[in-house]
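Chemist: I'd like to ask you about the structure that follows.
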Amino acid sequence: MVEAVVIGAFRKVIGVDILPFKHPLRGEPAFALTILEDGIVKKRIEEASLSKLLKVVKKEKPEVLALDNIFELASNVSKLLRVFNSLPPSTKVVQVTKLADTDIPLEVLANKHGLANGNKLSPLEASEVIAKLAYMGIGSIVSLFEEETRIIVAKCRSLGQGGMSSNRYERNISGLILRATRKVEEALSKHGIDYDLFFKKGSYGLTGSLFIVYAPREKLYGIVKQAKGHDLKILIRPVPKKNIEYIPLRGGKKVALKAARRNYLIVGVDPGIETGLAVLTILGKPLLLASARGISRNQIIERVTNYGVPLVIATDVNPPSLYVKKLASSLNSVLYVPPRDLSIVEKRKIVREFIEREGRGIKVINSHQRDALAAALKAFYAIKEKIERVREELSKAKLNIPLQEVIALVIKGKTVREALEELGKEERKKRRVIQIKGGKEEAYEEELKRKVRIIEELRRRNRILLEELRNKEDEIKKLKITLERELSKREHLRKENALVALEERVRELSKEVASLRKENEELRDKLRSWREVALKVAEGELLCLKVMDVLTPSRLLTFSIRIKEGANIIAVKELTTLNETLMDRLIKSGIKAIIVLTHIAKDIEELLAENMIAVIRVKELKYEDMDGYLLVSRETLDRALRAKTELMELRREARLREQLKEVIYKYRERRVKELSS
């Protein structure tokens, strides 16, 4: 019979414990589960994979998913973030063994709260104990995400090259992004949620937008929906914390950040999808120059306050952006706005002169850093005269007051005299308070009680640590046994690795065999084709000619093929030059026709025709190009050759008639001269 826990912090809790040898480091984890409702066990599951665990959590929607170690869910933080993103927004993850800054073993907690009898717990029993401890409000909530969310509106497909249709598509996409951005903006504003909006403009409107929302992801459910369509997507991403944070369930406090140094700063900001940030001391010394994509105001505040107290927030544009206004308001800083927008030339000059003068080691990587640094320097130059006046007045007054404190009050609107009087009064008041407190005995008694409480707390922690030490010694013994087992498995694993290597080699050889078979099949196809060609050549249906890239005398003997007795033919790719030697060789070789594949010069064609060598263009024939050989239909070639030969014969006869006429004319002319003389 299971006893109900009387006092409960939550109504429904799921307790989880990892099964032996099922840790995420070994592969897919497996768990034992106990579902607790109003302090009573509703259901137990002896074994569940991680995917089944997530399905159970989504179905049951518990207020708490409790474990004794969150790294039982995943082997590292990045995988842990994915698991947390898969949980319902209302479900918190609690590590019951984390109390304040101390990790206490589960067995110690179980015995302390009467949930175990001292024996070792099975995974199913441990899951029940974990559920009951969380139900009683013991442990710490695991916080992985900041109180911020990113909403990204972007296109789903990249735009390729194209004409009017591409431009039309880009216009449509820009319109979709603009409408989606406005819809998200209206939803956030309607519900009073603080946000910053950055967008990127293109030729036809917006190409993308980024919302930095200052609210946790779960607060946006029902307000903004994540979506992905054919052309547009809206992504909602929670912002992970740098470190895992544990928030005690019972009246504990988060660990406070250490106080920033009392160093007043000038901060230049260039907001956008990529934000530039420059930090100077109030005396103009550079401390930080950086830029980052999608950086929020909270992230800027956290980074800047590590260097000191931001006194002036500076921008390079007038009017300033809402982002900069909100940042200055959050930090209670003075906002510096230049009288007009700083031009690019002016910003380059300010930064270049500063680096040349005293900025050794500063490297400006991009325009965002340049603009932020120019804004900070412009602000410093604007207050530089006041700083010098404060320095002089403080030196004359001979007061032991920090220079930066006086500058801070003057920058915030006080005169130098008012600042010195106010800080002088505060200094005297502090000394008087210390003297008064030093004379009271109650303070000593209170201090004594405080130290007694500290001693008692240390004793309590000591007892817990001794118990933890004993548990660790038992754990060491178990680990030694496990190590021996693992060593015995090592030889077996080595053989398995050799087998895996052989299997991989077999797969590689199989791929090689398949490739060779494919190549063999292609060669078989070629061989069949050549057999068909050889048969047609033997039957006189086809002529097979090797194509010459360049026609030279030495190649004529190699590439010429006899068509029939007394007639030779060759094939060339192109013929653009023909010297006397080559022409001689063509005539002596008995070449009757040249088949040209691409181009032949007109004068060369005429010269060849005069010597009764026909030029036939390949497009006049029925042919096929096969592996560098020209397969020509015998019928079309004979027909073309006859036609070309008849044409050349006619032209030769015409030339001979003209020549004969010329001879007769010259003879008659000569005889006339002879008779007249």
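Chemist: For segment 542-664, what is the charge dipole size about the Cα centre, in debye to the nearest 20, if Lys and Arg each add +1 at the Cβ and Asp and Glu each add -1 at the Cβ? Before the final figure, lay out the partial values.
Modeler: On the way: 21 positive and 20 negative charges, 55 e Å.
Magnitude of the dipole: close to 260 debye.
Chemist: Now, a different point. Students often forget the sequence filter, so: which lysines lie under 24 Å Cα-Cα from Lys449 once same-chain residues fewer than 8 apart are removed?
Modeler: Result set, ordered by chain and number: Lys253, Lys437, Lys440.
Chemist: Can you tell me what share of the DSSP beta bridges in the chain is antiparallel? A percent to the nearest 5 is fine. Kindly include the intermediate steps, with their values, before the conclusion.
Modeler: Numbers: 71 of 99 bridges.
Beta bridges within the chain, antiparallel portion: roughly 70 percent.
Chemist: Provide the FRET efficiency to the nearest 0.05 for the Ser90-Ser49 pair, computing r from the beta carbons and using R0 = 25 Å. Intermediate values should be presented prior to the final figure.
Modeler: Working: r = 23 Å, r/R0 = 0.93.
Computed FRET efficiency for Ser90 and Ser49: 0.60.
Chemist: I'd like to know which of Ala278, Ile362, Val312 lies farthest towards the positive end of the charge dipole of segment 264-435, counting +1 on Cβ of Lys and Arg and -1 on Cβ of Asp and Glu.
Modeler: Going by the charge dipole, the pick is Val312.
Chemist: Roughly what % of DSSP beta bridges within segment 465-596 run antiparallel, to the nearest 5?
Modeler: 30
Chemist: What is the ratio of the Cα radius of gyration of segment 287-361 to 2.2 N^0.38 Å, where N is its residue count, to two decimals? Working shown, then result.
Modeler: Details: Rg = 13.7 Å, N = 75, 2.2 N^0.38 = 11.3 Å.
After normalising by residue count via 2.2 N^0.38 Å, the value is 1.21.
Chemist: Here is a further query. Exceeding 27 Å between C-alpha atoms, which entries from my cross-link table qualify? They are Lys201/Lys228; Lys52/Lys242; Lys59/Lys225; Lys200/Lys326; Lys536/Lys588.
Modeler: Details: Lys201/Lys228 21 Å; Lys52/Lys242 29 Å; Lys59/Lys225 21 Å; Lys200/Lys326 21 Å; Lys536/Lys588 30 Å.
Violating the 27 Å limit, Cα to Cα: Lys52/Lys242; Lys536/Lys588.
Chemist: Evaluate the charge dipole of segment 264-435 about its Cα centre and quote only its size in Debye, nearest 20, assuming +1 on the Cβ of each Lys and Arg and -1 on the Cβ of each Asp and Glu. Provide the component values of the computation, followed by the final result.
Modeler: Values: 31 positive and 20 negative charges, 76 e Å.
For segment 264-435, the charge dipole is close to 360 debye.
Chemist: Along the charge dipole of the chain, Cβ charges K/R +1 and D/E -1, which of Ser395, Thr581, Met548 sits furthest on the positive end?
Modeler: Projecting each Cα onto the dipole axis, the largest value belongs to Ser395.
Chemist: Something else about it: Quick check for me: using +1 on Lys/Arg Cβ and -1 on Asp/Glu Cβ, what's the dipole size of the chain about its Cα centre, in debye to the nearest 20? Don't skip to the answer; put the middle values down first.
Modeler: Working: 131 positive and 96 negative charges, 318 e Å.
That gives a dipole near 1520 debye.
Chemist: While we're looking at this one, here's another question. Averaging sequence separations of C-alpha pairs under 8 Å and six or more residues apart, then dividing by the length of the chain, give the relative contact order as a whole percent.
Modeler: Values: 973 pairs, mean separation 47.4, N = 677.
It rounds to 7 percent for the chain.
Chemist: 222 nm [θ] for the chain, helices only, -39500 (n - 2.57) per DSSP H run of 4+, per residue, to 500?
Modeler: Values: 16 runs with 329 residues, N = 677.
That comes out to -17000 deg cm²/dmol.
Chemist: May I ask you to work out the translational diffusion coefficient for segment 447-535 at 10 °C, viscosity 1.306 mPa s, via Stokes-Einstein with Rh from the Kirkwood sum over Cα pairs, reported in whole µm²/s?
Modeler: Numbers: Rh = 20.8 Å.
Value of D from the Cα-based Kirkwood radius: 76 µm²/s.
Chemist: Just the number, please: percent antiparallel of the DSSP beta bridges in segment 12-138, rounded to the nearest 5. Numbers along the way, then the final one.
Modeler: On the way: 16 of 23 bridges.
Close to 70 percent.
Chemist: Ranked by Cβ crowding within 10 angstrom, fewest neighbours first, how are Phe31, Phe211, Phe354 ordered?
Modeler: On the way: Phe31 26, Phe211 23, Phe354 20.
Neighbour counts put them in this order, fewest first: Phe354, Phe211, Phe31.
Chemist: What FRET efficiency would be calculated for the residue pair Asp103, Glu532, taking the C-beta separation as r and a Förster radius of 56 Å, to the nearest 0.05? Before the final figure, lay out each step's value.
Modeler: Numbers: r = 83 Å, r/R0 = 1.48.
Calculated value: 0.10.
Chemist: Return the aspartates and glutamates within reach of Lys98: Cα separation strictly under 14 angstrom, same-chain partners fewer than 8 residues apart disregarded; answer none if there are no such residues.
Modeler: In chain and number order, the partners are Asp68, Glu107, Glu245, Glu468.
Chemist: In percent, what relative contact order does segment 111-238 have, based on Cα pairs under 8 Å that are 6 or more apart in sequence?
Modeler: Numbers: 164 pairs, mean separation 43.4, N = 128.
Relative CO of segment 111-238 lands at 34 percent.
Each reported figure results from applying straightforward, stated rules to the coordinates on display, with no laboratory input. These figures come from a predicted structure and were not determined experimentally. So basically every Cβ, Gly included, is an ideal-geometry build from the backbone, and we count neighbours across all protein chains shown.
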